[in-house]
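Shown next, in structure tokens, is the structure this report addresses.
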Ligand code: PLP
């Protein structure tokens with residue numbers, strides 16, 4: 001009999017979002033017609049901007065004519081989009097060639113697929129609290145996982161320590177769920193650490209567009225030495241509302257080599273074997289994000305979410321509740337009041353104020369006692385939730 005990948009048996013039930021939806025439906029069933037304020041969602045609520053919609057329509061029309069029809073696209077991405085992404089980096093002073101950019105159908109796909117570059121015996125470091133996919137993708141691959149806790153004492157931005165000497169190092173900045181962003185000096189320590197140990201950093205920059213503090217790095221490649229130790233994985237999901245449209249990009253510098261193998265060369269080989277590229281229409285929509293007008297429009301949407309963040313932060317400030325995030329990230333990570341546990345606070349908010357957030361414990365054991373609010377919800381829900389929070393906890 002065939003042996004399936006038995007590592008799947010080691011996955012914990014993905015109980016976080018399942019548990020949340022079970023609890024919310026039970027509450028809704030018991031209280032029909034009651035409005036629930038949803039601050040737990042990781043999905044965007046604003047539609048694609050006009051510039052992207054226009055490009056998608058034009059690209060669909062291109063597909064109707066023999067002269068402009070596109071069949072299979074280059075596996076690593078259409079040249080027009082690779083150039084647009086590389087220009088986006090070059091405008092920030094990062095010197096990239098177009099073929100160091102790989103177009104993907106989103107960061108999730110890429111975070112899983114990229115592990116093909118590393119031997120199964122390599123270990124992976126996950127800084128927790130963390131986006132759950134890092135742990136699960138490595139369990140499926142049967143890798144040793146080193147968990148490094150972070151906490152209030154280091155602003156949820158730990159420095160490298162002896163225990164962190166892993167082959168693969170995940171760094172998510174701005175972070176989901178904590179909203180914390182690595183400042184340059186601290187990130188440099190991780191870059192130096194990875195170069196010294198021959199590790200590779202997988203830098204998840206899915207939320208870089210939310211950074212407003214100019215001193216903070218948007219890309220790991222702003223730091224000296226990163227081009228010999230890092231891969232950057234990005235997404236247009238939150239930047240431009242592509243959660244359902246699906247588009248992302250990955251940067252693998254030509255100078256990133258391990259044991260005489262070029263990781264960028266290996267990734268070309270991987271992509272040409274395992275994908276036939278992202279659709280022409282979607283890539284055209286993506287290229288519109290990088291035009292001056294596209295940038296102006298997506299920034300308007302981001303500003304809307306930032307306004308939601310300000311509304312929630314004002315309520316937390318009034319209540320004297322400790323939190324991080326919100327300013328340079330779409331998530332606010334708070335300490336549960338009155339020493340409540342994460343799930344206890346979840347139940348309390350649902351029962352007493354009909355607010356749904358995400359219990360911190362779902363992002364790793366050290367998230368216990370914390371809670372995540374998302375700023376991607378509607379303005380109405382955000383305002384109502386902020387008001388109810390103050391009434392309930394004052
Ligand atoms: N990385 C982080 C940290 C995320 O929070 C998410 C989605 O929520 C992703 C990656 C996945 O993004 P995508 O929609 O591009 O797959």
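Only the coordinates and a few stated rules stand behind these numbers; no lab work does. Predicted model, so just to flag it, every value in this text is computed and none were measured. Reconstructed Cβ throughout: ideal geometry from the backbone, glycine too, with neighbour counts over all protein chains shown.
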> Any idea which of (1) within 18 Å of residue 219 (Cβ to Cβ); (2) free of Cβ contacts under 8 Å to residues at least 40 places away in the same chain is the one residue 265 doesn't satisfy?
Replying inline: (1)
> Is one or more of the residues making up region 20-30 assigned to a loop (DSSP other than H, G, I, E, B), more than 16 Å from the ligand (Cβ to nearest atom) and surrounded by fewer than 22 Cβ atoms within 10 Å (Cβ to Cβ)?
Replying inline: no
> What about residue 88, is it surrounded by 18 or more Cβ atoms within 10 Å (Cβ to Cβ) and closer than 24 Å to residue 14 by Cα?
Replying inline: no
> Any residue in region 353-365 that is in contact with a helix residue (DSSP H, G or I) (Cβ under 7 Å, 6 or more places away or on another chain) and surrounded by fewer than 17 Cβ atoms within 10 Å (Cβ to Cβ)?
Replying inline: no
>> When you check residue 240 against the structure, is it in contact with a helix residue (DSSP H, G or I) (Cβ under 7 Å, 6 or more places away or on another chain), in contact (Cβ under 8 Å) with a residue 40 or more places away in the chain and closer than 18 Å to residue 79 by Cα, yes or no?
In response: no
> Can you tell me how many residues in region 109-135 are part of a helix (DSSP H, G or I), out of contact with any helix residue (DSSP H, G or I) (no Cβ under 8 Å at 6 or more places or on another chain) and buried (at least 18 other Cβ atoms within 10 Å of the Cβ)?
Replying inline: 2
> Taking the stated definitions as given, is residue 53 assigned to a loop (DSSP other than H, G, I, E, B) and farther than 26 Å from residue 132 by Cα?
Replying inline: no
> In this structure, is residue 344 without any contact (Cβ under 8 Å) to a residue 40 or more places away in the chain and closer than 27 Å to residue 46 by Cβ?
Replying inline: no
